[in-house]
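**Student:** Supplied in structure tokens, the structure appears directly below.
The values are calculated or read from the model by the stated rules, or taken from the named source; none is laboratory data. Everything numeric in this text was worked out from a predicted model, so none of it was measured. No Cβ is skipped: glycine too gets one built from the backbone with ideal geometry, and neighbour counts run over all protein chains shown.
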Amino acid sequence: MSLVVKKFGGTSVANLDKIRGVVKRVSTARSSWERIIVVVSAMAGETDKLIRFAHALSPQPVGREMDLLLTSGERIASSLLAIALDAAGIPAISLTGGQAGILTEGAHTRARVRSIRPARILKELNGGKVVVAAGFQGVDEFDEETTLGRGGSDLTAVALAAALEADRCEIYTDVDGVYTADPRIVPDAKRMEQISFEEMMELASLGAKVLQARSVDLAAKYDLPLVVRSAFDEGEGTLIIPESTGIESPAVRGVSCDSKQSKLTISAVPDRPGIAAALFGQLAEKSIMVDMIVQNVSENSLTDISITVNSDMAQHAEQIMVESNESFGGATISRDDDIAKVSVVGVGMKSQAGVAARVFSALARSRINIMMISTSEISISVVVRQADSENAVRVLHKEFIG
Ligand code: ADP
Ligand code: MG
């Protein structure tokens, strides 16, 4: 029997009218699909409001309580949608992440999906119901509520689609597909009809929040047909496909920007073997993911090491560096939150030389200072001042895409 998973983001369920709009779409979809699972995010703004409330009450809210608090947003949206579907004569049931069988590891606020126990969903689908699953959440082995990190409802949708062998997973959002850059920053960015998993993964992990990176990774693993479409119109959207096909790939397929980055610098550390190992060992032990690393060799056998981390982790990373610094002696630690990472992505880079040179000269012509550089096989990233970041995206988009 055919099965589709449709995920509606926060703006797509932002108010009662929008929820009625989702009911219409589900109603239409019933003529093409035998079984439908809908995954919803919290109504737009709801999660941020709950986070604000918690931080107003405590400087460091307990992770477990934050998880329980935040899962309520998706539950509200899913029950309201189930109520609205029912009122429209469409049998439906809403399920929490735990009820939907999403089992995760224990880590609060950024749990990983361990497995899916599909019995309950299957029972409801077999009973002829549309299942409305609350996104972004699961339960751990002790039945504690967990959340999957920002954008986690995308992961819920893909994980359910993969586990239940859905024919397709559709992500409905406030843009009508994946663009060559965030259309809020670049008004003449172009919608792509297709993009490869590899390029989408790179764009997403470098800041294009239209899809959560982990969800793209999982969809690729299961070869799951994944589509990004508008919740508000009927367009085809963008299909994420296994490989770039046909014609040669352009050097740059898209440009992305990540403002949630912080730079930490440890200055004047002794330039001798083992220092970096000690420092990064400490960070790894505390699960801090280090993104870029730059070392400047300086005079007098002293050196500077700069790293970037996600700004959510910056304070913790700084604290660890200050502590490990005590054993190095004499070094100073500084932190800079006013940075952003701008990246160009494309599989065509593998076979075309000179992309980096074009990135640097385009930015130089616009007098945008580059603070750090990193590359992968299919991307080039630069760190710039936050105030320069949107302009940098526009400049690079113009240079490579037009
Ligand atoms: P949802 O709440 O539906 O999950 P998100 O806000 O997470 O929606 O993602 C949609 C937003 O992603 C768009 O409004 C757009 O501003 C942003 N975005 C960033 N990069 C891109 C891109 N390359 N293509 C399309 N949208 C992008
Ligand atoms: Mg999202």
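**Student:** If residue 178 passes every condition in (1) under 27 Å from residue 114 (Cβ atoms); (2) buried (at least 24 other Cβ atoms within 10 Å of the Cβ) but one, which one does it miss?
**Tutor:** (1)
**Student:** Pairs, please: C-beta under 9 Å, at least 6 apart or cross-chain, first residue closer than 13 Å to residue 133 by Cβ and away from ligand 1 (no atom under 14 Å from the Cβ) and in the range 1-14, second at pLDDT below 95 and assigned to a strand (DSSP E or B)?
**Tutor:** Matching pairs, first to second residue: none at all.
**Student:** Same structure, new question: Just to be sure, is residue 259 hydroxyl-bearing (Ser, Thr, Tyr) and at pLDDT 95 or above?
**Tutor:** So residue 259 fits the description; yes.
**Student:** Sticking with this one: Out of 64, 25, 75, report the one residue that is in contact with an Asp or Glu (Cβ under 8 Å, 6 or more places away or on another chain) and basic (Lys, Arg).
**Tutor:** 64
**Student:** Also, quick follow-up: What are the pairs, 6+ residues apart or on separate chains, where a residue within the range 139-154 that is part of a strand (DSSP E or B) has its Cβ under 6 Å from a residue that is within 16 Å of ligand 1 (Cβ to nearest atom) and not polar (S, T, N, Q)?
**Tutor:** Within 6 Å, the pairs are 147/70; 147/136.
**Student:** Please specify each residue of the range 220-235 satisfying the condition of being farther than 15 Å from residue 196 by Cβ and within 12 Å of ligand 1 (Cβ to nearest atom).
**Tutor:** If the condition is that a residue be farther than 15 Å from residue 196 by Cβ and within 12 Å of ligand 1 (Cβ to nearest atom), then 229, 230, 231, 232 are the ones that fit.
**Student:** From the list 32, 12, pick out the single residue that is at pLDDT 95 or above, within 15 Å of residue 229 (Cβ to Cβ) and part of a loop (DSSP other than H, G, I, E, B).
**Tutor:** 32
**Student:** I'd like to know if the range 196-219 contains one or more residues that are among the polar types (S, T, N, Q), touching a Pro at 6+ places or on another chain (Cβ under 9 Å) and crowded, with 18+ Cβ neighbours inside 10 Å.
**Tutor:** yes
**Student:** For the range 87-115, which residues satisfy the criterion of being over 21 Å from the mean Cα position of the chain (by Cα) and either within 26 Å of residue 47 (Cα to Cα) or hydrophobic (A, V, I, L, M, F, W, C) (or both)?
**Tutor:** If the condition is that a residue be over 21 Å from the mean Cα position of the chain (by Cα) and either within 26 Å of residue 47 (Cα to Cα) or hydrophobic (A, V, I, L, M, F, W, C) (or both), then 87, 88, 90, 92, 93, 94, 95, 96, 98, 99, 100, 101 are the ones that fit.
**Student:** Considering only the range 154-174, I want to know if a residue exists there that is under 17 Å from the mean Cα position of the chain (by Cα) and either more than 16 Å from ligand 1 (Cβ to nearest atom) or over 30 Å from residue 30 (Cβ atoms) (or both).
**Tutor:** No, the range 154-174 contains no residue that is under 17 Å from the mean Cα position of the chain (by Cα) and either more than 16 Å from ligand 1 (Cβ to nearest atom) or over 30 Å from residue 30 (Cβ atoms) (or both).
**Student:** Tell me, which residue of the range 239-264 that is more than 17 Å from the chain's Cα centre (by Cα), in a strand (DSSP E or B) and under 30 Å from residue 25 (Cα atoms) is farthest from ligand 1 (Cβ to nearest atom)?
**Tutor:** That would be 241.
**Student:** Name the residues in the range 319-346 that are at pLDDT 95 or above and more than 19 Å from residue 288 (Cα to Cα), would you?
**Tutor:** Answer for the range 319-346, where residues must be at pLDDT 95 or above and more than 19 Å from residue 288 (Cα to Cα): 338, 342, 343, 344, 345, 346.
**Student:** Return a yes/no flag: does the range 181-198 have any residue that is within 16 Å of ligand 2 (Cβ to nearest atom), in a loop (DSSP other than H, G, I, E, B), in contact (Cβ under 8 Å) with a residue 60 or more places away in the chain and in contact with a strand residue (DSSP E or B) (Cβ under 6 Å, 6 or more places away or on another chain).
**Tutor:** no
**Student:** Being over 18 Å from residue 150 (Cα atoms) and surrounded by fewer than 16 Cβ atoms within 10 Å (Cβ to Cβ) is the filter here, so list the residues in the range 62-83 that pass it.
**Tutor:** 83, the sole residue that qualifies.
**Student:** Also, I was wondering about something else. Specify the residue that is surrounded by the most Cβ atoms within 10 Å (Cβ to Cβ); the eligible residues are those in the range 228-238 that are in a loop (DSSP other than H, G, I, E, B) and hydrophobic (A, V, I, L, M, F, W, C).
**Tutor:** 231
**Student:** Would you mind stating whether residue 217 is more than 10 Å from ligand 1 (Cβ to nearest atom) and either under 16 Å from residue 252 (Cβ atoms) or modelled with pLDDT under 95 (or both)?
**Tutor:** No.
**Student:** Within the range 366-402, restricting attention to residues that are in a helix (DSSP H, G or I) and polar (S, T, N, Q), which residue is surrounded by the most Cβ atoms within 10 Å (Cβ to Cβ)?
**Tutor:** The selected residue is 389.
**Student:** Restricting to the range 102-123, give me the number of residues that are of a type outside the set (Ser, Thr, Tyr), surrounded by 22 or more Cβ atoms within 10 Å (Cβ to Cβ) and either touching a residue at least 60 places away in the same chain (Cβ under 8 Å) or not in a loop (DSSP other than H, G, I, E, B) (or both).
**Tutor:** Total satisfying the criteria: 3.
**Student:** Test of understanding: among 156, 109, 146, which residue is at pLDDT below 95 and of a type in the set (S, T, N, Q)?
**Tutor:** After applying the criteria, what remains is 109.
**Student:** Here is a follow-up. Got a sec? Which of 161, 166 is more than 15 Å from ligand 2 (Cβ to nearest atom), assigned to a loop (DSSP other than H, G, I, E, B), touching a residue at least 12 places away in the same chain (Cβ under 8 Å) and in contact with a Leu (Cβ under 7 Å, 6 or more places away or on another chain)?
**Tutor:** Only one candidate passes the filter, namely 166.
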